[in-house]
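Notes follow once the structure below has been shown.
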Amino acid sequence: MIGRLNHVAIAVPDLEAACATYRGALGATVSAPEDLPEHGVTVVFVELPNTKIELLHPFGEASPIASFFEKNPSGGMHHVCYEVEDILAARDRLKSEGARVLGDGEPKIGAHGKPVLFLHPKDFAGTLVELEQA
Ligand SMILES: CC[C@H](C(=O)O)C(=O)SCCNC(=O)CCNC(=O)[C@H](O)C(C)(C)COP(=O)(O)OP(=O)(O)OC[C@H]1O[C@@H](n2cnc3c(N)ncnc32)[C@H](O)[C@@H]1OP(=O)(O)O
Ligand SMILES: [Co+2]
């Protein structure tokens with residue numbers, strides 16, 4: 001069911017500093033920051049030959065990633081995003097197998113303009129999983 005690795009997300013306490021590190025020390029191509037109010041984050045994408053790194057920083061008062069920094073003050077790996085051919089079929093299969101789909105269970109449009117869903121980390125080896133419609 002899951003296909004390509006679309007991105008690996010890293011939550012960062014200082015977005016500007018993280019961008020400078022990826023551009024400078026790592027010589028990577030880094031996009032401009034994009035605020036996603038509906039998701040409570042500001043995102044930047046680091047383009048790699050085979051996938052992307054999503055640098056995440058809280059946006060607004062009710063960011064779902066704010067509490068992540070209470071346990072991970074320096075930031076760290078936040079989630080992985082896999083592509084699926086049919087996000088609704090994937091959701092229904094996962095729910096039938098008892099996996100917890102976060103939010104109201106309906107896909108929302110993500111940073112790439114595609115429908116996305118999130119699956120509870122406790123059901124996937126302690127890793128927050130995002131699914132994105134390919
Ligand atoms: C969609 C736009 C963009 C894109 O790519 O297109 C994005 O990716 S936006 C990304 C930001 N949005 C989200 O992360 C939405 C989904 N996340 C959530 O709903 C919450 O973050 C949730 C439910 C995963 C955790 O919420 P919260 O931290 O408030 O809950 P708890 O503190 O009760 O945590 C429960 C339990 O899970 C552990 N946890 C929390 N976050 C993570 C994580 N990122 N990876 C692994 N584990 C995580 C937390 O430590 C708790 O564990 P416990 O052992 O019970 O202490
Ligand atoms: Co993501």
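Restricting attention to segment 102-122, the residues that are touching a Phe, Trp or Tyr at 6+ places or on another chain (Cβ under 8 Å) and open to solvent by less than 40 Å² (accessible area, probe 1.4 Å) add up to 1.
Restricting attention to segment 16-28, the residues that are within 19 Å of V80 (Cα to Cα) and either of a type in the set (F, W, Y) or open to solvent by 20 Å² or more (accessible area, probe 1.4 Å) (or both) total 1.
For every residue, the table says whether it meets (1) under 18 Å from M1 (Cα atoms); (2) in contact (Cβ under 8 Å) with a residue 12 or more places away in the chain.
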residue: P37; (1), (2): no, yes
residue: E54; (1), (2): no, yes
residue: A89; (1), (2): yes, no
residue: R93; (1), (2): yes, yes
residue: P107; (1), (2): yes, yes
residue: G110; (1), (2): no, yes
residue: D123; (1), (2): yes, yes
residue: Q133; (1), (2): yes, yes
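Candidates A99, A125, A90: the one that is open to solvent by less than 80 Å² (accessible area, probe 1.4 Å) and in a loop (DSSP other than H, G, I, E, B) is A99.
The values are calculated or read from the model by the stated rules, or taken from the named source; none is laboratory data. Since we're looking at a predicted model, the values are computed, not measured. Note that we place each Cβ from the backbone using ideal geometry, even for glycine, and neighbour counts take in every protein chain shown. Accessible surface is based on the protein model in full, side chains and every heavy atom, while ligands, DNA and RNA are left aside. Shrake-Rupley method; radii C 1.70, N 1.55, O 1.52, S 1.80 Å.
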